[in-house]
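Take a look at the structure below.
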């Protein structure tokens with residue numbers, strides 16, 4: 001019996017072989033696995049700011065993206081602002097959705113599941129009472145975040161749920177949002 005004839009060939013655009021090779025190589029070189037990600041942010045006026053992401057440190061040396069990426073942040077008119085960009089909290093939700101969606105594609109590829117479509121909708125609930133100083137007992141951040149996936153794939157509901165669970169388990173942004181590390185703020 002030809003075993004290779006029974007294997008499903010899928011293409012979700014993820015090079016799992018390269019990722020697995022990197023995992024193996026980095027497990028033997030822990031220092032190379034240490035990355036420092038960077039963003040710089042410039043105040044544009046009012047509550048509008050522009051962040052740029054370009055360089056990072058990884059694999060033991062300075063690296064750079066193929067091009068700088070720029071993100072505009074602002075607040076809507078309801079906050080007496082100019083609405084030149086998404087709010088920072090919307091960017092956090094977008095980052096969470098993007099990280100989990102990338103994980104779904106990667107895990108599905110590794111498990112031989114062909115994806116046809118993936119859509120994540122993320123909502124976060126918060127009260128402005130904390131941010132505006134109305135009530136010191138109300139937190140400034142989200143009290144609840146909901147992530148809902150719509151996934152069309154050549155897989156059962158149980159297999160899709162397992163892919164999403166594995167994506168959540170390995171998501172850096174999910175970890176950042178649910179288990180924040182130390183944040184140090186300084187004026188230099």
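The values are calculated or read from the model by the stated rules, or taken from the named source; none is laboratory data. Source: prediction; values computed, not measured. Cβ coordinates were reconstructed from backbone atoms using ideal geometry, including for glycine residues, and neighbour counts include every protein chain displayed.
Please work out which residue is farthest from residue 9 (Cα to Cα), limiting yourself to the range 79-100 and to residues that are touching a strand residue (DSSP E or B) at 6+ places or on another chain (Cβ under 7 Å) and buried (at least 20 other Cβ atoms within 10 Å of the Cβ).
85
Check every one of the helices (runs of 4 or more DSSP H) wholly within the range 105-188 and list those with 2 or more residues that are under 20 Å from residue 15 (Cα atoms).
The helices (runs of 4 or more DSSP H) meeting that bar are 157-170.
Could you tell me whether residue 103 is at positive phi and either in contact (Cβ under 8 Å) with a residue 12 or more places away in the chain or more than 22 Å from the chain's Cα centre (by Cα) (or both)?
no
Would you mind stating whether residue 155 is modelled with pLDDT of 95 or more and more than 22 Å from the chain's Cα centre (by Cα)?
yes
Considering each residue of the range 102-118, count those that are crowded, with 20+ Cβ neighbours inside 10 Å and closer than 14 Å to residue 171 by Cα, and give that number.
Total meeting the criteria: 4.
Quick check: is even one residue across the range 14-24 touching a helix residue (DSSP H, G or I) at 6+ places or on another chain (Cβ under 6 Å), farther than 30 Å from residue 142 by Cα and in contact (Cβ under 8 Å) with a residue 12 or more places away in the chain?
yes
Let me confirm something: among 88, 76, which residue is modelled with pLDDT of 90 or more and under 30 Å from residue 161 (Cα atoms)?
Being modelled with pLDDT of 90 or more and under 30 Å from residue 161 (Cα atoms) holds for just one of 88, 76, which is 88.
Check the range 162-181 and report whether any residue there is loosely packed, with under 14 Cβ neighbours inside 10 Å, within 25 Å of residue 79 (Cβ to Cβ) and at pLDDT below 95.
Among the residues of the range 162-181, at least one is loosely packed, with under 14 Cβ neighbours inside 10 Å, within 25 Å of residue 79 (Cβ to Cβ) and at pLDDT below 95, which makes the answer yes.
Can residue 32 be described as surrounded by 13 or more Cβ atoms within 10 Å (Cβ to Cβ), in contact with a strand residue (DSSP E or B) (Cβ under 9 Å, 6 or more places away or on another chain) and outside the structural domain of residue 128 (by TED's automatic domain parsing)?
It is true that residue 32 is surrounded by 13 or more Cβ atoms within 10 Å (Cβ to Cβ), in contact with a strand residue (DSSP E or B) (Cβ under 9 Å, 6 or more places away or on another chain) and outside the structural domain of residue 128 (by TED's automatic domain parsing).
Somewhere in the range 54-70, is a residue out of contact with any strand residue (DSSP E or B) (no Cβ under 9 Å at 6 or more places or on another chain), exposed (fewer than 14 other Cβ atoms within 10 Å of the Cβ), at pLDDT 95 or above and not assigned by TED's automatic domain parsing to the domain that holds residue 157?
yes
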